[in-house]
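Derivation of every value follows stated rules applied to the coordinates shown; laboratory data play no part. The shown structure was predicted, so the numbers you read here are calculated from the model rather than taken from an experiment. Neighbour counts are summed over all protein chains in view; Cβ atoms, including those assigned to glycine, are modelled from backbone coordinates with ideal geometry.
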Amino acid sequence: MLRGILTSKGEAWVEVKDDNGYLHRYLAPWNGDAPSKGGGFDAETLELIEELVVGNRVNLAWFWDGHLRLAAVEHEIPKDMGGVFEGYILEVGDRWIDAQNKEEGKPWRFYLRWNGGYPENGGGYDLTVLDKLKNHQPTNPIRFQWSFDLRPRIDQVLTFEELERRAFYDLDEVPPWLALPTPFEIKKPPKPDLINPFDQVSSPSGANPFDSVPAATDNPFDSVPSSNPFEQSEKKAAPINPFDSATEKKPQNQTNPFDSLEDKKPDNPFENLPLPNNPFDATGK
């Protein structure tokens, strides 16, 4: 499937410039043998070519049999029948311009507006539009009023000032990229249904609503006396050393078990044994 602009046509062929900028000619399919034997172009395709309008976009199906052949073709009608076109100029002809819009990114051909009747009666294309495009650079955006009359037509090149002078019912909306910058931000008033919660606090007229708020609870540390809490406890007598409670004198009913022992040392058992007789005493010597 090929998409592009129908640039010209003949009885049995069409020329289409595709969206990549390439121009090709497509012939109607051939049926039969040589013309002398009854062969010729497909009759249905010839009728279809006759109904096509040069300058419109077309969707085209083709095949190859030694030539580029036209299998099917249909118009691509714009979704709107007019309005303000915003885009860039691709090419300028003697009675048309090719322009590409920003949203779709595909070229459209706009023919000049026709003024008057037949050419023999003085009718012709409005060439004043082309005078405004002589010095227009392709990189500069263009805005113009267009309408659909058998094919897309350019009616008037517009500037921002001309858009401002147009009546509101002639222009659906000003494009955001054409609008003038706002010198300051306009703040919207608050919605009436919004209620300030501080307004609901009951307080005397003119009083600060924060004054009606109860005081915060006292600091629990403020209630502690400044003195040392350990000094507030009852003073107890110094603890008594249990050893100090013992009297120096022993009670009568209590005796030291060691005092019952005799002061003298126990007898030496060896001292009680009799001394053996000296054998030398018995001899008398």
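The percentage of C-alpha pairs in the range 18-83 whose separation is greater than 14 Å is 67%.
By the beta-carbon count within 10 Å of each Cβ, the least crowded to most crowded order of T45, T7, fewest first, is T7, T45. Take every Cα pair under 8 Å in the range 38-114 that's 6+ residues apart, average their separations, divide by the length, and report that relative contact order as a whole percent. Relative contact order comes out at 21 percent. Here M1, M81 are placed in order of increasing Cβ neighbour count within 10 Å, fewest first, which gives M1, M81. Among the listed pairs K79/K106; K17/K106; K17/K132, those whose Cα-Cα separation exceeds 19 Å are K17/K132.
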